[in-house]
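Below you'll find the structure, written out as structure tokens, and then a few comments.
The values are calculated or read from the model by the stated rules, or taken from the named source; none is laboratory data. Please read these numbers as outputs of a predicted model, since none were measured by experiment. Quick reminder, even Gly has a Cβ in these numbers, built from the backbone with ideal geometry, and neighbours come from all protein chains shown. The accessibility values were calculated without ligands, DNA or RNA, using every heavy atom of the protein model including side chains. Shrake-Rupley method; radii C 1.70, N 1.55, O 1.52, S 1.80 Å.
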Amino acid sequence: MTAITEGTILWSPSPETVQQANITRYIQWLASERNVHLADYDELWQWSVTDLSGFWGSLWDYLEIVAQAKGDVVLADATMPRPAWFPDARLNYAENIVAKMPADGSVLFFKDENTPLQEITKAEIVSQIAALRAALLEMGVQKGDRVVAYLPNRPEAVIAVLAVASIGAVWSSCAPDFGVRSVLDRFSQIEPKVLITANGYQYNGRTYNRADVVDELVAKLPTVKHIIEVPVIDADPLPRATAWSNVMETYTNADLTFEQVPFAHPLWILYSSGTTGLPKPIVHGHGGNLLEHAKAGVFHNDLRAGDRFMWFTSTGWMMWNYMLGALLSGSSVVLYDGSPGYPSLDALWVLAEEAQVTYFGTSPAFVSACAKAELYPNQTHDLSRIRGVGSTGAPLTVSDFQWIYDNVGKDLALESLSGGTDLCTAFVGGARTKPVRAGEIQGASLGAKVEAYDAEGNPVIGEVGELVITAPMPSMPIYFWNDADHARYDASYFEMYPGVWRHGDWIKFNEHGGCVIYGRSDSTINRKGVRMGTSEIYECVLALDVVLDVLVVDLEMLGRDPFMPMFVVLREGVGLDDDLKAIIKRKLRKEVSPRHAPDDIFAVDEIPYTLSGKRLEIPVRRVLLGQDPEKIVNRGAIRNPAALQPFIEMAERLAPST
């Protein structure tokens, strides 16, 4: 096997792929319908971020947005942090989803750990949306009211969000593995009127009854007047709850209509990870998500009628909302509820074959786990229909790129994406007409003026800088809930560079427009003036077979001597001795930087993660610097809160000397 390095071209689109790509068809349409002549993706991107009204206005027409009114003005005010998009528009996100669903064949495919693959048609979905909509209206739900869900990734969740949106009510969801405090921290801020909940969930071969959790949620959410129960496990009915089946039977002949709302009317509320304090309730609008998700699915994932889009996600992560938006392309969506490792680590590859998936969405952690388990899925499963693989949640390493091309398919577009809950999209990602290079994201998304800023706020190429967005995007939040003066919102994104969105990641762009994400900018390692994102360090260390997970923090603080500890999770039976420490340090000095080898290495049983799957770098750093963990860490927002305890115990002896 030939070794590859960052930037090595692993795949180039064939002339046929370029010709058939949705991006190419759009460029041709712009020439014939708008007299805008562009040669390729790079020119298209440049136009999309300089003529904002021309680009987003053309998308409305090209993507055939269904609306009561569009209005003549696309962007009334381009000033961030509060631009004004389509001020005269009246539309509905759910109506556009339903309009694009294929009339023939299946719209949703669904499987969990215990049941065979199910297929659901448009007629079935529309009937259930209409029934739930009628029930919610009878329960008193009106435009602007909040309806919350405590549901796994199942068809009922898709039907519910569309029913809520059809009314003009506001959706918010948590996955049922979230604990009571995590859910209350989110839902109590937005005062919901109705709770749609599962009675439990299944994961890794086990079932978890959530009746007690639901009881406590209802007791502590006094605004909840009605409960609708989705039976996921075999258990007694929840008290006070209306069964989902009863709703479907009672309102079986209901008509489906869609409330026409302004472009910036609230659609759903997502949340920041909430590792420090209450999660920020991020409010997204109907129009912004509609245009952004249609654009992302059609142009960046290159989806079209007949495609089957799958992304392993949960209802507690923005990728679930992004996945829903794939329906705007006319493709079908494949849902999976359960562990990706049950009954074996090839469970998702089994599903990809059975559901004939054409776009497979995953994460670097899953790819790395498959590689270390020595899986060869394209040798054991028919994955020939997959023409796109997406990955997000963390940077995808060079070795991960190579593994996918070696073990999934040679002729596919591997699209590493990065974005965030804040915009509910990927603002850097795939472009089907461009080559795929190892370790690189192909470039900034259309309409996303993403740049790297140096310390002085100047754009840089070929250097790691702050990831900023210097022109408005329609899917930027319309506001935070309960933030009347926008103080929290402005401080979150615009404090460092007034009028410019600072996202909190390190990014480097190269001369051909590709980019690499280096992790969160506020957890960057700064050693003797040389800054480096943690992702490079993790990639190097995780290449060792004996290391299963790793976390590194820089305990540099003004007035104190710097100290950089590393924490590793090792394979069972492997001990952390001086020889292994030396191997890790030597590898880092050689492959990353002599300055970025750790001062010491410690073995832990597990690394703490947020509920959305991110390492708790910043809270761990603050704990080890001696700050009170109860004030800086919300344990309810941690996927594995017990993993934080060893760091608390280490704090006194690891805190840097004064």
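Okay, here's what the table says:
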read-out: Over segment 227-369, relative contact order from alpha-carbon pairs under 8 Å, at least 6 apart, %; value: 16
read-out: Amide H contacts of Gly285 (H built 1.01 Å from N, under 5 Å, at least 5 apart or other chain); value: Leu267, Ile478
read-out: Virtual spin-label span in nm between Ala39 and Gln20, 7 Å along Cα→Cβ; value: 2.7
read-out: The chain - mean residue ellipticity at 222 nm from DSSP helices (-39,500 (n - 2.57) per run, n ≥ 4, rounded to 500); value: -8500 deg cm²/dmol
read-out: Length gained when the stretch Asp522-Ala491 is fully extended (0.36 nm per residue, less Cα-Cα span); value: 9.7 nm
read-out: Axial C-alpha extent at least 18 Å, average Kyte-Doolittle at least -1.0 - helices from the chain (DSSP); value: 122-138, 155-167
read-out: Per residue accessible area in Å² of the chain, where ligands, DNA and RNA are left out and the probe is 1.4 Å; value: 38
read-out: Label point distance in nm, Glu64-Val569, each placed 7 Å from Cα along Cα→Cβ; value: 4.7
read-out: Extension reserve of the Val460-Ala78 stretch, reckoned as 0.36 nm per residue once the Cα distance is removed; value: 135.2 nm
read-out: Whether segment 228-357 is rounded, prolate or oblate, judged on the alpha carbon gyration tensor where a/c under 1.5 counts as rounded; value: rounded
read-out: Proximal aspartates and glutamates to Lys70, defined as alpha-carbon separation beneath 20 angstrom and excluding residues fewer than eight positions away on the same chain; value: Glu33, Asp51, Asp61, Asp88, Glu95, Glu259, Glu292
read-out: Solvent exposure, largest accessible area first (probe 1.4 Å, DNA, RNA and ligands not counted), of Lys614, Lys70; value: Lys614, Lys70
read-out: Residues of segment 119-137 with amide N under 19 Å of a point placed 7 Å along Cα→Cβ from Ala103; value: 120-128
read-out: Spacing of the two label points (7 Å from each Cα toward its C-beta) at Asp628 and Asp579, in nm; value: 4.7
read-out: Accessible surface of segment 576-658 [probe 1.4 Å, protein heavy atoms]: carbon and sulfur percent; value: 44
read-out: Listed peptides 212-220, 94-102 by packing density, highest first (mean Cβ within 10 Å); value: 94-102, 212-220
read-out: Peptides 156-169, 12-25, 137-150 ordered by average Cβ neighbours within 10 Å, highest first; value: 156-169, 137-150, 12-25
read-out: Burial ranking of peptide ranges 256-269, 484-497 (average Cβ count within 10 Å, highest at the top); value: 256-269, 484-497
read-out: Label corresponding to Kirkwood radius over Cα pairs in Å when calculated from the structure given, among (i) 28.5; (ii) 27.2; (iii) 25.6; value: (iii)
read-out: ³J(HN,Hα), Karplus 6.51/-1.76/1.60, whole Hz, each residue of segment 223-233, x for Gly, Pro; value: 7, 6, 9, 9, 10, 10, 9, 9, x, 9, 10
read-out: Hits among lysines - C-alpha to C-alpha of Lys590 under 28 Å, sequence gap 8 or more where chains match; value: Lys372, Lys508, Lys528, Lys581, Lys614
read-out: Relative contact order (percent, whole number), the chain, Cα cutoff 8 Å, 6+ residue spacing; value: 13
read-out: Under 5 Å, built H, 5+ apart or other chain: amide partners of Leu414; value: Val389
read-out: Segment 421-468, accessible surface, carbon-and-sulfur percent (1.4 angstrom probe); value: 42
read-out: Amide H partners (placed H, <5 Å) of Gly504, local residues excluded; value: Leu467
read-out: Sequence-distant lysines (8 or more away, or on other chains) whose Cα lies within less than 21 Å of Lys122; value: Lys100, Lys111
